[in-house]
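Report on one structure; see the data block that follows.
The values are calculated or read from the model by the stated rules, or taken from the named source; none is laboratory data. Computed from a predicted model, the values in this text were never measured in an experiment. FYI the Cβ positions are ideal-geometry reconstructions off the backbone, even for glycines, and counts take in every protein chain you see. Calculation scope for accessible area: heavy atoms of the full protein, side chains included, ligands and nucleic acids excluded. Shrake-Rupley method; radii C 1.70, N 1.55, O 1.52, S 1.80 Å.
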Amino acid sequence: MIIRNATTHDKQALANLIHFEVFVHRHLDWRPPLDWIGYQPFLVAEKSGSIVAALACPPDIPSAAWIRLFAAAASLDIQEAWHLLWENAFTMLKEYGSEWVAAMPIHDWLISLLLENGFTNPYQVVMLSWENREIPRASPKLPVKLRAMRDEDLGAVQQVDQEAFVPIWQNSISSIELAYKQSVVATVAEIDHEILGYLISTATPMGGHLARLAIHPTAQHNGIGFALLCDLLSRFNARGAHTVTVNTQKDNIPSRRLYEKAGFRITEEEYPIFEMYLKK
C-alpha cells in the first residue's frame, strides 16, 4: 500500500470513493471535501494503482485542524486503513506546528477509531430550533448599529472571530469569505464605525440556519448578540422562513440562554465533538 499526497488528478477516483463506499466521513464544512486537495495533510492510500482510502485534515488556521474527510473501501480493514493514513497525517500536523485536531463523527465506527487512537470527547453540540414564534424585541445597552455585511468588512469580521472563539472554533479569512458568499443574511454590529459583532446565516429546506454569531469579548453582555439574533429572526420571517436552527455546545450555558431567550427550543439532535492535543 502506497501513502501519498492527493493531487487534482485524483478527483474522480476520490469522488467515487466518497459517493459509493460505506465507510465515509465528511465534515460539515463551507468547502466540499475535494476542494481541500492541494492543502496538507490530504493523503490517499493507493493499492495496485487504485485509491482505496483517503484522509484529509488540513488546518484552516495554523494551530487547529478538523478531520474533513475519511473514506475507505469496504474491501479494506478499516482499522488498518485509518492507522496508515493517520500516522502520516499526525506527523505532518505536528511538523506544521498545529496544536489541536478535532472531529465531529456521526458514525459509530469512526467514534471507535478516534477513541482507540487517543481522541477524547470533551463536549457535545446540540441543535436548537425556533419555529414560527413571536419575534422578540431587543434593547442593547450600547448605541449599536446593525447593517448588512460588506466585502470590505471581512478582515474586521475575522478579527472578531479570532477574539471570540478558542482556536478549534476559529475561522480563517478564506473560510469567513466562503461563509459570507454562501449566506442569505449576513449582518454586522458596529459602534462608532467599529465592528464588534457579526452574524452569518444560510438557507435550509425548512427555513434558515444561524451558522455563526460572534461578539468581541470587550462588547459582550451588552445585548448586542441578542439584537443581532432578533434582527435575523425578523429578516427570516419576512422571507417566509418560519423555522430557524442553530447549533451550540451543550455545556455553553450563556449561549443556550441567549437562544432560549429569543424563543429557541432544544431539539433531540446532538453531535459529539472529539479532539486531540498534539503538543504532548
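Other residues lying with their Cβ under 14 Å from the Cβ of residue 124 contribute a combined charge of -3, Lys and Arg counting +1, Asp and Glu -1. Taking the charge dipole of the chain about its Cα centre, with +1 at Lys and Arg Cβ atoms and -1 at Asp and Glu Cβ atoms, the residue from 182, 132, 106 reaching farthest to the positive side is 132.
Can you list the GluC sites (Glu not before Pro) in the stretch 107-145 that are in a DSSP coil and have 15 or fewer other beta carbons within 10 angstrom? For GluC sites (Glu not before Pro) across the stretch 107-145 that sit outside H, G, I, E and B with at most 15 neighbouring Cβ atoms in 10 Å, the list reads 134. Among the listed pairs 141/181; 181/279; 145/181; 47/181; 11/250, which have their C-alpha atoms separated by more than 29 angstrom in this model? Long pairs (Cα-Cα over 29 Å): 141/181; 181/279; 47/181; 11/250. What a 1.4 Å probe finds exposed on the chain is 50% carbon and sulfur by accessible area, rounded to a whole percent.
Across the stretch 1-52, the relative contact order, built from alpha-carbon pairs under 8 Å that are at least six residues apart, equals 59 percent. Sorting 223-230, 5-12, 35-42 by average packing, meaning the other beta carbons within 10 Å per residue, from highest down gives 223-230, 35-42, 5-12. Solvent exposure of the stretch 138-280 amounts to 50 Å² per residue of accessible area, where only protein heavy atoms count and the probe is 1.4 Å. Show me, for the stretch 224-238, the HN-Hα J-couplings you get by feeding each phi into the Karplus relation (A = 6.51, B = -1.76, C = 1.60, θ = phi - 60°), rounded to Hz, glycine and proline as x. Calculated HN-Hα couplings, in order: 6, x, 5, 5, 4, 5, 5, 4, 4, 4, 5, 5, 5, 4, 5 Hz. Mean sequence separation of contacting Cα pairs (under 8 Å, at least six apart), scaled by the length of the chain, corresponds to a relative contact order of 22 percent.
Sparse packing (at most 12 other Cβ atoms within 10 Å of the Cβ) combined with a DSSP loop state is found for the following trypsin sites (Lys or Arg not before Pro) in the stretch 116-185: 137, 141, 150.
Among DSSP bridges having both ends in the stretch 168-251, what percentage is antiparallel? Round to the nearest 5. Within the stretch 168-251, antiparallel bridges account for around 85 percent of the total. Assuming a ≥ b ≥ c are the square roots of the Cα gyration tensor eigenvalues, decide whether the chain counts as rounded (a/c under 1.5), prolate (otherwise, with a/b larger than b/c) or oblate. Prolate is the answer for the chain, as a/c is 1.5 or above and a/b outweighs b/c. Mean projected area of the Cα convex hull of the stretch 27-164, taken over all directions, amounts to 12.9 nm². About the centre of its Cα atoms, the stretch 98-146 shows a dipole size close to 540 debye [charges on the beta carbon of Lys, Arg (+1) and Asp, Glu (-1) only; nearest 20 debye]. Overall, the chain carries a charge dipole of about 660 debye about its Cα centre when +1 sits on the Cβ of Lys and Arg and -1 on the Cβ of Asp and Glu, all other atoms neutral.
Solvent-accessible area of residue 276, all protein chains in place: 20 Å² (probe radius 1.4 Å, heavy atoms, ligands and nucleic acids excluded). Taking a ≥ b ≥ c as the square roots of the eigenvalues of the Cα gyration tensor, the stretch 13-74 is prolate, since a/c reaches 1.5 or more and a/b is larger than b/c.
Rounded to the nearest 20, the Cβ-based charge dipole of the stretch 124-228 about its Cα centre (Lys and Arg +1, Asp and Glu -1) stands at 300 debye. Across the stretch 39-185, C-alpha contacts under 8 Å between residues 6 or more apart give a mean separation that, scaled by the residue count, equals a relative contact order of 21 percent.
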